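The values are calculated or read from the model by the stated rules, or taken from the named source; none is laboratory data. All figures in this text were calculated on a predicted structure; none of them were measured in a lab. As a convention, Cβ positions derive from the backbone with ideal geometry for all residues, glycine included, and neighbour counts pool all protein chains shown. What goes into the accessible areas is simple: the full protein's heavy atoms, side chains included, and nothing from ligands, DNA or RNA. Shrake-Rupley method; radii C 1.70, N 1.55, O 1.52, S 1.80 Å.
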Amino acid sequence: MNNINRNILIGALMGVALGFILKIYPNWLLYEPLLELCNLLGQLFIKSLKMILVPLVFFSIIVGVSNLGGNKKSSNVWKFTLIYFFSTMAIAICIALLVMNLVNPGVGMIIESWPSTPEVIKNTMSLKDFLSQFILGLFANPFQSLSSGNILPLIIFSILIGVSLNSLGQKGLAAKKVFDSLYEVMLKIVHWIMVFAPVGIFALLSTMIESQSAELFSQLSIFVFTVIGIIFIHGIIVIPSLLYFFTKITPLQLWKNGKPAFISAFATSSSAATLPLTLSVANDNFKVPKSVSNFVLPLGATINMDGTALYEAAAALFIANLVGIDLALSQQLILFFIAMVASIGAPGIPSAGMVTMAMVLQVLGLPLEALALLLPMDRLLDTFRTTINVEGDLTGALIVQKISKL
Ligand code: ASP
């Protein structure tokens with residue numbers, strides 16, 4: 001594992017370096033072949049993570065929940081997990097609202113022509129439709145969820161299997177053993193993917209850096225820097241302080257041992273795709289018992305999104321500033337709740353926050369055209385918010401383990 005950690009860091013640094021070289025020398029003879037190769041290797045890495053994701057979530061939750069048992073400790077794990085998820089997302093949104101109200105990026109800025117967004121607007125949903133679709137979407141044919149990679153109903157189904165194995169006692173023992181053993185098989189495959197991770201991360205980072213547009217960045221740089229600043233406050237001060245307060249794990253220990261998962265989150269922009277690595281660092285580097293990590297982490301990768309929550313709040317205020325609307329306190333309170341709902345509803349995949357962002361804008365009566373302005377910089381900002389999402393999940397598993405005394 002130590003070698004893999006080190007290789008992932010080396011891969012990331014080399015990827016960033018190659019990305020800059022390709023950006024600076026677009027006429028280089030090797031530009032096209034290298035870019036194509038990196039695209040291929042990056043996609044291969046993401047595809048291999050997606051391949052293992054669904055069976056891993058399925059078996060890990062069953063094993064986690066069935067190992068929890070039906071006692072008081074298990075109800076504590078549920079309770080503390082949900083309290084942690086909601087309170088850290090609420091803190092993230094409050095920081096975003098506070099900083100955005102202080103810095104006010106976008107005020108007085110003139111956008112010459114708003115880009116058109118027919119594609120994005122077509123996908124927009126009202127809050128009511130969104131909520132009913134979300135609730136109805138919790139239950140689905142498990143075989144269909146497995147084949148289509150629909151994670152949320154899969155989580156619910158796996159939790160139900162885990163709980164029923166507990167309540168069956170002896171009668172469920174044989175099935176439990178099978179699930180335990182299949183979970184170990186999945187972990188073995190995750191390990192092989194981790195060996196390839198440095199190459200995948202190298203490829204993803206080089207193509208990401210190469211594709212950034214400096215022009216657009218300079219136009220919206222105040223907003224980009226404000227969002228990155230908010231993410232840093234949350235990810236470098238708030239989350240590590242909470243972790244230290246509850247567990248005495250220092251920020252350096254968190255970042256050092258969690259590095260493979262954070263770098264993968266940064267490179268893939270997907271909490272879900274990073275889940276195999278998050279589980280692996282939680283179990284191997286932090287020795288979190290499976291009964292906690294296998295429940296908290298898959299659920300966290302799906303609903304606990306601090307980075308997305310703070311981004312949705314910040315982006316809505318930025319758009320309001322751009323169009324000259326001063327959102328009153330009551331509207332910012334609505335924004336607080338809608339940003340929370342939107343981030344819980346966003347799946348852990350790249351730019352998912354952009355889709356639910358449309359709903360936030362709609363509820364606040366802000367122009368949906370603004371999405372086209374946000375979209376081009378989303379690849380960059382998504383990397384940061386996904387890293388914070390994953391940091392929040394891992395910290396959650398560590399805190400829940402500590403306070404439920406497991
Ligand atoms: N990409 C983020 C994640 O996977 C979700 C988002 O904010 O778009 O956690």
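Here's the picture: a label point sits 7 Å out from the Cα of residue 98 along the beta-carbon direction, and within region 293-316 the residues with their amide nitrogen under 20 Å of it are 305-316.
Given in Å, the Rg to one decimal and the Dmax to the nearest whole number for the Cα atoms of region 331-384 are 11.1, 29. Taking label positions 7 Å along the Cα-Cβ direction at both residue 372 and residue 79, the computed distance is 5.2 nm, reported to one decimal. GNM, the chain, Cα, under 10 Å: largest mean-square fluctuation among 151, 236, 46? Sorting by GNM fluctuation, first place goes to 236.
Within the same chain, lysines fewer than 8 places from residue 290 are excluded, and of the rest, those with a Cα less than 19 Å from its Cα are 72, 73, 79, 176, 177, 188, 402, 405.
If you average the sequence gap of Cα pairs under 8 Å that are 6 or more apart and divide by the length of the chain, what percent do you get for the contact order? It rounds to 32 percent for the chain. Please compute P(r) over all alpha-carbon pairs of the chain, binned at 20 Å starting from zero, and give each bin as a whole-number percent. Per 20 Å bin, starting at zero, the Cα-Cα P(r) for the chain comes out as 27, 58, 15, 0 percent. The loop-placed chymotrypsin sites (Phe, Trp or Tyr not before Pro) in region 1-82, going by DSSP, that have at most 15 neighbouring Cβ atoms within 10 Å of their Cβ come out as 28.
For the chain, the membrane-span-like helix rule (DSSP H, alpha carbon extent of at least 20 Å along the helix axis, mean Kyte-Doolittle at least 0.0) picks out 2-24, 31-68, 72-103, 151-168, 173-211, 251-268, 306-322, 329-345, 378-403; this says nothing about an actual membrane.
Scoring 132-138, 156-162 by mean Cβ neighbours within 10 Å over their residues and listing the highest first yields 156-162, 132-138. Express in % the proportion of alpha carbon pairs of region 298-406 at distances exceeding 25 Å. When all Cα pairs of region 298-406 are counted, 24 percent exceed 25 Å. Extending 7 Å from the Cα toward the beta-carbon at both residue 188 and residue 211 defines two label points whose distance is 3.5 nm. Compactness ratio for region 7-56: Cα radius of gyration over 2.2 N^0.38 Å (N = residue count) comes to 1.41. Straightening the chain between residue 87 and residue 109 buys 4.5 nm, computed as 0.36 nm per residue apart minus the Cα-Cα spacing.
If I compute solvent accessible area with a 1.4 Å probe over the protein chains, what percent of it on region 199-273 is carbon and sulfur?
Carbon-and-sulfur percentage of accessible area, whole number: 74.
Taking the accessible area of region 278-406, probe 1.4 Å, and keeping the other protein chains in place, the carbon and sulfur fraction comes to 65%.
For region 1-74, with all protein chains in place and a probe radius of 1.4 Å, 67% of the accessible heavy-atom surface sits on carbon or sulfur. In square nanometres, what is the average projected area of the Cα convex hull of region 205-288? The directionally averaged projection comes out at 6.5 nm². At a probe radius of 1.4 angstrom, the accessible area of the chain per residue rounds to 44 square angstrom. The longest stretch of the chain left intact once loop-based trypsin sites (Lys or Arg not before Pro) with at most 11 other Cβ atoms within 10 Å are removed from consideration, loops following DSSP, is 1-247.
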